[in-house]
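The values are calculated or read from the model by the stated rules, or taken from the named source; none is laboratory data. No experiment lies behind these values; they were computed from the predicted model shown. Here the Cβ positions follow ideal geometry from the backbone for every residue, glycine too, while neighbour counts run over all protein chains shown. Quick note on the areas: whole protein, heavy atoms, side chains included, nothing else; ligands and nucleic acids left out. Shrake-Rupley method; radii C 1.70, N 1.55, O 1.52, S 1.80 Å.
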Amino acid sequence: MPELSLKTKLKLLPPILTAHLFPGLDGMLLELLHSLAPGDWEKQTVSLKWKVKDVAAHLLDTALRGISIGRDGYSDENPSINSSADLADLINRLNNEGVRVYRRLSPAVLIALLEVATNLRAEYHALRDPYAMARYGVSWAGEEKSPNWFDTAREFTERWHHQQQIRLAANRPGIMTRELYHPVLDCFLRALPFTYRNLPAKTGTLLQFTVSGECGGIWYLYRAAEIWQLVDAPIGESASETTIPQEIAWRIFTKGIDRDSALAQVKVSGDVSLGRQVLGMVSIVA
């Protein structure tokens, strides 16, 4: 059989379609918040600046802002964004402002408003053409322009990991189902090429990243002529293999665990310096 061309071998990852998952995930959030005791709302989360009530307030704020911007094309300010740092500063400012406003509400009012906001948000994402271009690119993946499916998947990871923060703080079972968690991991790991962009390697270098557990999987990062690319199958031998337990994978990629604690649970074989670079990957705007 003739050898396959490089172009044929480099089959990129397929889109992540998550719009249909929002109602189920949001329903779990509302059920969770209804079950919280008064003291649970002030428990500290792994996001050091936010307690449980702050995270709930953030989820309400971002849902309402997302509908206003995405569905209605409305924004009350048009700041100049010239760099990823400018974008991060803007997002952090808006997030902090939103939390300050909505954490003033009672838990009952927060929950009632979240029910309305999450329904509107789910309807909006369900109606988007997944292959049309989104208004904004997924910046943590290094994209200035992104298709709607990626923007929707990014939003799904936000809803998932913030709910997970609340569950962890309130000592409630996590959302460790393959249907809901695997798409989050798949979306997070789309940041690999951007994370590795400044690391030189020989053309043909292959890195393997495994998230262990029933919700996980294996992702392959391949060094093409000038760039790193995610591919859907291994091409040659791996230069390094990194294995991350699914219990901490989401925390690594959302700045929810310190590096030393993560290193104690992550296994790397082969080129350790290349494999460990993933521990610095951040799949949120921060």
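Overview of results
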read-out	value
Count of residues meeting criterion [closer than 21 Å to W50 by Cα and either open to solvent by 70 Å² or more (accessible area, probe 1.4 Å) or under 20 Å from the mean Cα position of the chain (by Cα) (or both)] in the stretch 104-116	3
Selection from the stretch 202-217 of residues that are more than 30 Å from G174 (Cβ to Cβ), open to solvent by 10 Å² or more (accessible area, probe 1.4 Å) and part of a strand (DSSP E or B)	none
Looking only at the stretch 42-85, and only at residues there that are among the hydrophobic types (A, V, I, L, M, F, W, C) and exposed (fewer than 12 other Cβ atoms within 10 Å of the Cβ), the one that is farthest from N171 (Cα to Cα)	A85
Leading residue by the ranking (surrounded by the most Cβ atoms within 10 Å (Cβ to Cβ)) among those in the stretch 151-174 that are under 21 Å from M281 (Cβ atoms), hydrophobic (A, V, I, L, M, F, W, C) and touching a helix residue (DSSP H, G or I) at 6+ places or on another chain (Cβ under 6 Å)	A153
Search result, residues across the stretch 15-41 that are under 12 Å from Q163 (Cα atoms) and either free of Cβ contacts under 8 Å to residues at least 40 places away in the same chain or open to solvent by less than 30 Å² (accessible area, probe 1.4 Å) (or both)	L25, D26, G27, L29, L30, E31, L32, L33
Number of positions in the stretch 223-238 that are open to solvent by 20 Å² or more (accessible area, probe 1.4 Å) and either assigned to a loop (DSSP other than H, G, I, E, B) or touching a residue at least 24 places away in the same chain (Cβ under 8 Å) (or both)	11
Failed criterion for Y220 (all others in (1) aromatic (F, W, Y); (2) open to solvent by less than 10 Å² (accessible area, probe 1.4 Å); (3) not in a helix (DSSP H, G or I) hold)	(2)
Residue tally, condition of a type outside the set (V, I, T) and assigned to a loop (DSSP other than H, G, I, E, B), over the stretch 163-188	6
Boolean, L180 is touching a residue at least 12 places away in the same chain (Cβ under 8 Å) and farther than 30 Å from L36 by Cβ	no
Checking L87 against (1) modelled with pLDDT under 90; (2) in a loop (DSSP other than H, G, I, E, B); (3) touching a helix residue (DSSP H, G or I) at 6+ places or on another chain (Cβ under 7 Å), the condition it does not meet	(2)
Total residues in the stretch 44-72, condition outside any helix (DSSP H, G or I) and either closer than 22 Å to G256 by Cα or not acidic (D, E) (or both)	8
